[in-house]
1. Restricting the search to segment 112-165, which residues are within 18 Å of Asp90 (Cβ to Cβ) and of a type in the set (S, T, N, Q)?
2. Are there any pairs with C-beta distances below 6 angstrom linking a residue in segment 254-270 that is touching a residue at least 40 places away in the same chain (Cβ under 8 Å) and closer than 12 Å to Gln219 by Cα to a residue that is assigned to a strand (DSSP E or B) and aromatic (Phe, Trp, Tyr), with the two at least 6 apart or on different chains, and if so which?
3. State whether the residues of segment 186-203 include one that is without any contact (Cβ under 8 Å) to a residue 60 or more places away in the chain and β-branched (Val, Ile, Thr).
4. What pairs can you find where one residue is in segment 103-117 and assigned by TED's automatic domain parsing to the domain that holds Gly167 and surrounded by fewer than 18 Cβ atoms within 10 Å (Cβ to Cβ), the other is among the small types (Gly, Ala, Ser) and part of a helix (DSSP H, G or I), and their Cβ atoms are less than 8 Å apart, with a gap of 6+ or different chains?
5. Looking at (1) more than 19 Å from Glu103 (Cβ to Cβ); (2) within 24 Å of the chain's Cα centre (by Cα), can you tell me which one Met168 breaks?
6. For Ala148, indicate whether it is surrounded by 15 or more Cβ atoms within 10 Å (Cβ to Cβ) and not in a helix (DSSP H, G or I).
7. Under 6 Å by Cβ, and 6 or more places apart or on different chains, what pairs join a residue from segment 130-151 that is closer than 15 Å to Lys120 by Cβ with one that is among the hydrophobic types (A, V, I, L, M, F, W, C) and assigned to a loop (DSSP other than H, G, I, E, B)?
Amino acid sequence: MISLAYPWALLLALLPLLLGNRKQQSEPVDAPVIPVGHWLSGMPGVSSRGRSTPLWRQLLLLLGWLCLVVALARPQHVGEEIQMPVTGRDLMLVVDISPSMDEQDMVLQGRSINRLQAVKRVLDDFIDQREGDRLGLILFGTEPYVQAPLTFDRETVRTLLFEAGLGMAGRATAIGDAIGLSVKRLRERPQEQRVVILLTDGANTAGQVSPDKATEIAQAAGVRLYTIGIGADTMIQRGLLGSRRVNPSRDLDEELLTRMAEQTGGRYFR
């Protein structure tokens, strides 16, 4: 189906005819004339020999004018309406971007990457599978903020996620505030469809709302929390005295994340 973005632009097709007729009323006619020829031949760079423009040139000018008018009207091909499958789930992604997420204890395809890069890769695949779901994105550090409100536009959420940088929201970790903000954004949605997915590598170190209080608020609002702990169990640290195994995730509060998930009917993953 062909439609026009600016159908009113077609009225411009009559303009040369109107101007040409006015000019003909004041001049003798000594050759076949298309009104648009008189008007366009008087434009800068367009000349005519004698008092009239040859018929073929008038036709060419008229055709050029009509093509210009049609282009201004912007014809468009409109296909059939695509119905997006909707499952009805509202998923708020809550991502920790505090500086500790810069720890390079994750491995992807044999290459060492930091925790935030690993989160982006995991969520990239997750977003691909969420056709029909509404997604939102909250980033947090010392304070949380909404990077993307709930939307069916997965590509926008993906782009905003990959633009997130370490330390953009401060150097601490306000898990409770981040959950509180996500619940606030989900409260208006149907209760059985509200889900928060929290990805963090630490413990709560900032904020006005404790994680336990935020969990109670989420439970009362019917929001399920799925929590994901980020960080390796062990890594080899090399120094002057040799190599030794260390736990890079010693600050990860798995007990808290497990409690938050179980209390709201979700699950904890590591």
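1. The answer is Gln129, Gln147, Thr151, Thr156.
2. Gly266/Tyr226
3. No, segment 186-203 contains no residue that is without any contact (Cβ under 8 Å) to a residue 60 or more places away in the chain and β-branched (Val, Ile, Thr).
4. Pairs that qualify, where the first residue is assigned by TED's automatic domain parsing to the domain that holds Gly167 and surrounded by fewer than 18 Cβ atoms within 10 Å (Cβ to Cβ) and the partner is among the small types (Gly, Ala, Ser) and part of a helix (DSSP H, G or I), are Leu108/Ala118.
5. Single failed check for Met168: (1).
6. For Ala148, the condition - surrounded by 15 or more Cβ atoms within 10 Å (Cβ to Cβ) and not in a helix (DSSP H, G or I) - is met.
7. Every condition considered, the pairs that remain are Leu139/Ile97; Leu139/Ala164; Leu139/Ala169.
Rundown of residues vs (1) β-branched (Val, Ile, Thr); (2) modelled with pLDDT of 95 or more; (3) assigned to a loop (DSSP other than H, G, I, E, B); (4) within 25 Å of Val183 (Cβ to Cβ), yes/no style:
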{"residue": "Gly222", "(1), (2), (3), (4)": "no, no, yes, yes"}
{"residue": "Thr227", "(1), (2), (3), (4)": "yes, yes, no, yes"}
{"residue": "Asp233", "(1), (2), (3), (4)": "no, no, yes, no"}
{"residue": "Arg244", "(1), (2), (3), (4)": "no, no, no, no"}
{"residue": "Leu256", "(1), (2), (3), (4)": "no, yes, no, yes"}
{"residue": "Met260", "(1), (2), (3), (4)": "no, yes, no, yes"}
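The values are calculated or read from the model by the stated rules, or taken from the named source; none is laboratory data. None of the values given here were measured: they were computed from a predicted structure. With ideal geometry, Cβ positions are generated from the backbone for all residues, glycine too; neighbour counts draw on all protein chains shown.
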